[in-house]
Amino acid sequence: MTAVIDGTKIDTREALHDAMQAQLALPEYYGRTLDALYDCLTDRFEETELRLVNAKDLDEHLGAYAAVLRRMLRDACEDNPRLRFVEEE
């Protein structure tokens, strides 16, 4: 499966977590934080590609939170070989 994080559509932290919860079918108890997202991603058994598109827009909308998101996604991929992170401008 592929989850797309589109920087043109993600303009708040809440929108990011809404998109992740919907696309990845995260559980109801998902804590809607980057730590909670990391936990859900590292527990996934399904092959999953996390595709960040329009990254510059995401940076403009979320600032430093976007950088922390990228770092967390890379860390999750290192800890779960079923994950792949791709970033596109």
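For the range 1-57, which positions are closer than 21 Å to residue 78 by Cα and of a type in the set (Asp, Glu)?
Residues satisfying the conditions are 35, 39, 43, 46, 47, 49.
Where residues in the range 13-35 are in a helix (DSSP H, G or I) and among the aliphatic types (A, V, I, L, M), which of them is surrounded by the fewest Cβ atoms within 10 Å (Cβ to Cβ)?
Ranking the candidates gives 22 first.
All but one of (1) in contact with a strand residue (DSSP E or B) (Cβ under 9 Å, 6 or more places away or on another chain); (2) on the phi < 0 side of the Ramachandran plot; (3) crowded, with 16+ Cβ neighbours inside 10 Å hold for residue 10, so report the exception by its number.
(1)
If I ask for residues that are over 17 Å from residue 4 (Cα atoms) and not hydrophobic (A, V, I, L, M, F, W, C), which ones from the range 33-64 would you list?
33, 35, 39, 42, 43, 60, 63
What do you reckon, is residue 57 surrounded by fewer than 13 Cβ atoms within 10 Å (Cβ to Cβ), at pLDDT 95 or above and part of a helix (DSSP H, G or I)?
Judged against the criteria, residue 57 is not a match.
Taking only pairs six or more apart or across chains, which ones have beta-carbon atoms under 6 Å, a first residue in the range 62-89 that is assigned to a loop (DSSP other than H, G, I, E, B) and surrounded by fewer than 16 Cβ atoms within 10 Å (Cβ to Cβ), and a second residue that is β-branched (Val, Ile, Thr) and at pLDDT 95 or above?
Listed by first residue and then by second, the contacts come to 88/53.
Considering only residues that are among the acidic types (Asp, Glu) and either at pLDDT below 95 or in a loop (DSSP other than H, G, I, E, B) (or both), look in the range 36-53 and name the one that is surrounded by the fewest Cβ atoms within 10 Å (Cβ to Cβ).
Restricting to residues being among the acidic types (Asp, Glu) and either at pLDDT below 95 or in a loop (DSSP other than H, G, I, E, B) (or both), the top hit is 46.
Test residue 5 against the criterion of being touching a residue at least 12 places away in the same chain (Cβ under 8 Å), surrounded by 14 or more Cβ atoms within 10 Å (Cβ to Cβ) and assigned to a loop (DSSP other than H, G, I, E, B), and give yes or no.
no
The values are calculated or read from the model by the stated rules, or taken from the named source; none is laboratory data. Just so it is clear, the model here is predicted, and its values are computed rather than measured. Don't worry about glycine lacking a Cβ; one is built from the backbone with ideal geometry, like all the others, and counts go over all protein chains shown.
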